[in-house]
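The values are calculated or read from the model by the stated rules, or taken from the named source; none is laboratory data. Note that this is a predicted model, so its numbers are computed, not measured. We place every Cβ from the backbone using ideal geometry, glycine too, and count neighbours over all the protein chains shown.
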C-alpha cells in the first residue's frame with residue numbers, strides 16, 4: 001500500500017488502514033490515479049474542498065448508460081467485468097438531470113412525505129427487542145446480532161418487505177459492495193436480486209399495503225410514474241442504502257467509542273451529546289468510504305492536476321472527512337467538535353435521501369446499547385474491515401457485554 005510514482009493500488013492492507021495512504025496521497029496533490037482491486041483505473045480526489053465541489057459539479061456524470069464502454073476502456077487487460085443489467089441500475093444514483101430530477105421527485109413523494117420522526121417508537125421497540133435477546137449473554141458479535149438486523153428490519157417494514165428474506169439480501173449486498181468479488185458472482189447475485197425485487201413488486205401490485213413499496217408503485221407527478229425497471233432498481237437501492245450505511249455507522253461507532261474511553265465517559269455523563277457524537281462518528285469513520293463512480297464529461301482541473309474527459313473519478317468521502325484543512329486535528333475523535341460539516345452523506349443533488357433515517361437509527365441504537373450494557377468492552381483487538389472501496393465497515397465486532 002505504498003504510493004508509487006504513477007498509480008496507487010487500493011487493495012490488500014489498504015482496507016485495514018486507509019487513512020495512512022490517504023494522507024500520503026494528499027501530500028502528493030489533490031487528485032491521484034488509482035487502480036481498484038477489480039482492475040479498474042480511476043482518479044481519487046482527496047481534499048475536502050475539492051470533494052465537496054465535485055459532488056455538485058455537473059461536469060461529472062453518473063449516467064449509467066454512458067458507463068459501459070468506459071468500464072472496458074479503463075479496465076486492466078485480461079480482467080473480466082460483471083454484467084450488470086438495467087434492472088438494478090436504473091435508479092436516481094445512476095442518473096443525471098433531468099432524469100435524476102424526475103426520479104428524485106417521485107421517490108421524495110413516496111419516501112419523505114411524512115419525514116422519519118414517526119418511526120422513532122418502532123425503531124426503539126426493534127432496538128429493545130434485539131438488546132433483550134443479548135441480555136443473557138456474556139459476549140456477542142454486534143454486527144450480526146445488532147448492527148445489521150436493526151436497520152434491515154426497519155427498511156423491510158418501511159418498504160413492506162418480508163423480514164424473513166433479510167439474510168439473503170444481506171448476502172447479495174455484501175457481494176455487490178465487495179472489492180474482491182468475482183465478476184461471475186456479481187452477475188449471478190444481480191440476476192437473483194433483480195428477480196427477487198421484481199417478485200415483491202408483482203405481489204404488492206396484487207395486494208397493496210400502507211407501505212413505501214406501494215407508495216413507490218403508486219407515486220405519480222403530472223401523470224409520470226416509475227417504469228418497471230426503475231421500480232426494481234429503486235427498491236433495490238433503498239434496501240441497499242437503507243441498511244448498509246446504518247449497519248456500518250453502528251458498528252464503527254461502537255468500536256470508536258470503546259477505543260476512546262474518555263469520549264465514551266463524556267457521552268455517558270451527558271447523553272444529550274449523542275446527536276453531536278453521531279455526527280463526529282460519521283466524520284471520523286465514515287460508513288461510506290467513497291462516492292459511487294462518476295466520470296468526467298470534459299477535462300477538469302483540480303489544482304495543478306488535469307483529469308481528462310471520459311475518466312472515472314472517486315470522490316473520497318472518508319478521506320475528505322480527515323482533511324486537516326477542513327477539520328483541525330482530523331485524526332482526533334472529539335464528540336465536542338464544532339462546525340462538523342462532514343461529507344459522510346455526500347453533497348449536492350445526490351445527497352443521501354435516507355440521511356435523517358440513518359441518523360435517527362444511529363442515535364437510538366447507541367443510546368440504548370450504552371444504557372443496557374454499561375460494562376461493554378471489546379472482546380478482541382483482532383478486527384478486520386470489509387474489503388470494499390465503497391463501504392467502510394467491520395466484518396465482525398465481538399464484545400463483552402458485562
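Could you tell me whether residue 41 is in contact (Cβ under 8 Å) with a residue 40 or more places away in the chain and either more than 11 Å from residue 315 (Cα to Cα) or touching a strand residue (DSSP E or B) at 6+ places or on another chain (Cβ under 7 Å) (or both)? The answer is yes for residue 41. With respect to residue 256, is the statement that it is under 27 Å from residue 389 (Cβ atoms) and in contact with a strand residue (DSSP E or B) (Cβ under 8 Å, 6 or more places away or on another chain) true? So residue 256 does not fit the description; no.
For the stretch 196-208, the criterion of being within 29 Å of residue 253 (Cβ to Cβ) and either surrounded by 13 or more Cβ atoms within 10 Å (Cβ to Cβ) or at pLDDT 80 or above (or both) is met by none of the residues.
For residue 164, the criteria (1) more than 19 Å from the chain's Cα centre (by Cα); (2) in a helix (DSSP H, G or I); (3) at pLDDT 85 or above hold in every case but one, which is (3). Counting only strands (runs of 3 or more DSSP E) that fall entirely inside the stretch 2-80 and contain at least 3 residues that are within 26 Å of residue 348 (Cα to Cα) and modelled with pLDDT of 90 or more, the qualifying elements are 31-36, 41-45.
Could you please find all residues in the stretch 351-399 being part of a strand (DSSP E or B) and at pLDDT 95 or above?
377, 378, 385, 394, 398, 399
Residues in the stretch 179-195 that are at pLDDT 80 or above and surrounded by 18 or more Cβ atoms within 10 Å (Cβ to Cβ): 186, 189, 190, 193, 194. Note on the stretch 324-339: among residues that are touching a residue at least 60 places away in the same chain (Cβ under 8 Å) and either surrounded by fewer than 18 Cβ atoms within 10 Å (Cβ to Cβ) or touching a strand residue (DSSP E or B) at 6+ places or on another chain (Cβ under 9 Å) (or both), the one that is farthest from residue 49 (Cα to Cα) is 336. The residue list 93, 130 contains one member that is touching a helix residue (DSSP H, G or I) at 6+ places or on another chain (Cβ under 9 Å), within 20 Å of residue 288 (Cβ to Cβ), part of a helix (DSSP H, G or I) and modelled with pLDDT of 80 or more, which is 93. Take the conditions within 25 Å of the chain's Cα centre (by Cα) and surrounded by fewer than 18 Cβ atoms within 10 Å (Cβ to Cβ) and apply them to residue 226. Does it pass? So residue 226 fails the test. Being surrounded by 21 or more Cβ atoms within 10 Å (Cβ to Cβ) and touching a strand residue (DSSP E or B) at 6+ places or on another chain (Cβ under 9 Å) is the requirement here; does residue 383 meet it? Taking the combined requirement at face value, the residue does not satisfy it. A residue that is assigned to a loop (DSSP other than H, G, I, E, B) and over 24 Å from residue 367 (Cβ atoms) occurs somewhere in the stretch 152-160. Scanning the stretch 133-151 for residues that are part of a loop (DSSP other than H, G, I, E, B) and surrounded by 21 or more Cβ atoms within 10 Å (Cβ to Cβ) yields a count of 1.
When the test is whether a residue is farther than 22 Å from residue 65 by Cα and out of contact with any helix residue (DSSP H, G or I) (no Cβ under 8 Å at 6 or more places or on another chain), residue 203 passes it. Among the residues making up the stretch 281-313, those that are in contact with a strand residue (DSSP E or B) (Cβ under 6 Å, 6 or more places away or on another chain), more than 30 Å from residue 335 (Cα to Cα) and either part of a loop (DSSP other than H, G, I, E, B) or without any contact (Cβ under 8 Å) to a residue 12 or more places away in the chain (or both) are 293, 297, 299, 309, 311.
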